[in-house]
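One structure is given here, and the rest of the page talks about it.
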Amino acid sequence: MRLRALLLVAFTIFVATTPGAAAPEGQMTWAVHISLAPTWFDPAETPGIGTPFMILYALHDAMVKPMPGNAMASSLAESWSASKDGLVYEFVLRQGARFHNGDAVTADDVKFSFERYRGAANRLLKERVPVVEVVDPTRVRFRLKEPWPDFMTYYGSLATGAGWIVPRKYLERVGDEGFKKAPVGAGPYRFVSFTPGVELVLEAHEQYWRKVPSVKRLVFKSIVDEATRLAMLKRGEADVVYLLQSALAEEARRTPGLTLRPTPIVSTHWLVFLDQWDPKSPWADRRVRLAANHAIDRQAINEAITLGFSRITWSVIPQSFDFFWQPPAHAYDPARAKQLLAEAGYPRGFDAGDLWCDAATATMSEAVISYLQAAGIRVKLRPLERAAFFKGYQEKSLKNLLYSISGAFGNAATRLEVFVASGGIYVYGGYPDIDGLFREQAGEQDRKRREAMLHRIQQLVHEKAVYAPIWELGFIHAQGPRVAESGLGLITGWAFSAPYEDVRLKGK
């Protein structure tokens with residue numbers, strides 16, 4: 001044991017002094033478009049959207065996760081294998097991976113993190129994976145109830161946070177709330193401080209297994225106002241800013257020293273008719289939902305707000321996802337929208353109440369509202385901070401209309417599970433034919449038959465006008481002159497900077 005400890009010390013000294021492993025230096029600042037929430041410091045509470053991974057990629061690490069050039073890269077798991085019958089997955093942990101407090105990452109932490117997970121798809125995961133076994137400190141087995149082709153999609157992508165590992169001993173000592181106040185992870189950066197509504201400060205974890213981070217300190221400032229974010233970038237108070245739109249995006253593009261970074265991502269936006277299962281609601285009538293679809297000029301909104309970088313796909317599922325089915329377009333046709341409303345008994349339109357949205361999508365929601373109102377669907381905008389918005393959405397406490405977003409990774413099945421199938425974390429009601437097909441596809445081993453079922457579900461969602469899809473967002477960010485590598489676009493489809501150990505300032 002003494003010899004092993006000495007070898008570990010020698011190895012640490014060697015890494016710290018090896019060329020290419022220079023000590024981190026400098027500070028890089030992000031002006032983010034939302035108010036950061038402590039719930040996003042804990043992988044167990046990942047709610048089926050992409051936003052928490054903005055923080056998780058820095059503070060924490062996963063068994064397997066999307067990385068540059070690899071949608072499922074070995075991370076804390078050095079390797080994994082599946083049995084021929086598809087009932088057992090075994091992971092071998094990476095030796096030398098440690099949490100920020102110095103504790104080794106063990107199979108016990110992996111088992112604990114999975115069993116503790118309560119975020120998106122947790123019921124599905126627990127039902128299909130009833131047993132997790134610690135074989136030894138570096139090996140863990142997941143035993144499935146029956147073959148499940150999507151296990152790694154749920155566990156090894158950003159569809160859920162179930163594969164992101166937390167330290168059991170530390171968490172049991174401080175509790176859930178204590179963990180949110182002082183999170184400890186195994187990621188490239190450790191927690192320093194958090195001022196609610198103001199900023200999150202992180203510092204390089206120099207013993208991170210993959211590489212020593214280049215930048216010493218990362219600062220994330222919550223700047224909800226878009227003009228203020230751009231002003232900070234111009235003054236050098238921020239190095240990267242998220243979400244610029246319309247004239248401000250154009251201004252950034254024209255400003256010397258600033259670089260516009262449009263980032264194609266797997267974030268779809270759509271309008272949710274929350275009350276369509278209430279027979280007394282106008283939204284229970286398919287003609288009214290179809291009218292809303294025809295009322296919106298999506299391409300005009302795209303050109304005005306995202307400079308044409310968004311893609312109109314007519315689906316809540318990203319085009320790049322496995323099993324995606326391309327729906328036909330609902331053409332922008334205000335006359336048809338009004339005709340459908342009249343046929344449904346609303347020749348003068350109707351008061352549709354509130355349209356709830358994440359505050360960061362208020363401009364987009366306002367544009368949608370202007371088209372709805374032109375057709376006779378009168379709506380009042382109700383923006384909420386992102387954490388509160390998704391809490392209300394998840395708890396089913398919001399009514400009338402909602403502007404929904406999701407940048408979670410996965411495939412068509414994972415997106416349908418969260419937003420379409422009955423029992424999904426954000427699903428307010430369901431349709432028996434859709435639910436039956438969803439249950440059937442989940443256990444189907446033949447890929448072609450499964451694809452046919454998932455295509456049929458998407459077709460039914462389109463035919464029933466369950467939603468009004470808006471677009472697949474072209475996220476517009478910008479970076480300042482000090483940045484050599486912002487991390488934007490390094491991971492295909494990812495919305496934000498990552499991996500953070502790869503970001504660099506010039507001169508580094």
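Laid out as a table, the results:
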read-out	value
Residues that are without any contact (Cβ under 8 Å) to a residue 24 or more places away in the chain and of a type in the set (A, V, I, L, M, F, W, C), drawn from region 382-423	388, 421
Matching option when the condition is touching a residue at least 24 places away in the same chain (Cβ under 8 Å), assigned to a strand (DSSP E or B) and surrounded by fewer than 24 Cβ atoms within 10 Å (Cβ to Cβ), among 78, 90	90
For residue 370: the one exception among (1) free of Cβ contacts under 8 Å to residues at least 12 places away in the same chain; (2) not in a helix (DSSP H, G or I)	(2)
Among (1) assigned to a loop (DSSP other than H, G, I, E, B); (2) of a type outside the set (Gly, Ala, Ser); (3) within 19 Å of residue 428 (Cα to Cα); (4) open to solvent by less than 20 Å² (accessible area, probe 1.4 Å), the one test that residue 288 misses	(1)
Among (1) open to solvent by less than 10 Å² (accessible area, probe 1.4 Å); (2) under 17 Å from residue 305 (Cβ atoms) - the single one residue 362 does not satisfy	(1)
Set 72, 54, 63: member being among the hydrophobic types (A, V, I, L, M, F, W, C), touching a helix residue (DSSP H, G or I) at 6+ places or on another chain (Cβ under 8 Å), open to solvent by 50 Å² or more (accessible area, probe 1.4 Å) and touching a residue at least 40 places away in the same chain (Cβ under 8 Å)	72
Boolean, residue 118 is in a loop (DSSP other than H, G, I, E, B), out of contact with any strand residue (DSSP E or B) (no Cβ under 9 Å at 6 or more places or on another chain), basic (Lys, Arg) and open to solvent by 30 Å² or more (accessible area, probe 1.4 Å)	yes
Contacts under 7 angstrom Cβ, first residue in region 467-496 being open to solvent by 20 Å² or more (accessible area, probe 1.4 Å), partner modelled with pLDDT of 95 or more and among the basic types (Lys, Arg), 6 or more apart	482/506; 484/504; 484/506; 485/504
One residue from 259, 306, 268 being hydroxyl-bearing (Ser, Thr, Tyr) and open to solvent by 20 Å² or more (accessible area, probe 1.4 Å)	259
The listed residue being part of a helix (DSSP H, G or I), at pLDDT 95 or above, surrounded by fewer than 16 Cβ atoms within 10 Å (Cβ to Cβ) and at negative phi, out of 172, 133	172
Selected residue (criterion: surrounded by the fewest Cβ atoms within 10 Å (Cβ to Cβ)) from residues of region 203-221 that are of a type in the set (D, E, K, R) and assigned to a loop (DSSP other than H, G, I, E, B)	211
Conditions (1) out of contact with any Ser or Thr (no Cβ under 9 Å at 6 or more places or on another chain); (2) free of Cβ contacts under 8 Å to residues at least 60 places away in the same chain; number of the one not met by residue 215	(2)
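The values are calculated or read from the model by the stated rules, or taken from the named source; none is laboratory data. Note that the coordinates shown come from a computational prediction; the quantities given were computed from them, not determined experimentally. Backbone-built Cβ (ideal geometry, glycine too); neighbour counts: all protein chains shown. These area figures cover heavy atoms from the full protein model, side chains too; ligands, DNA and RNA do not enter into them. Shrake-Rupley method; radii C 1.70, N 1.55, O 1.52, S 1.80 Å.
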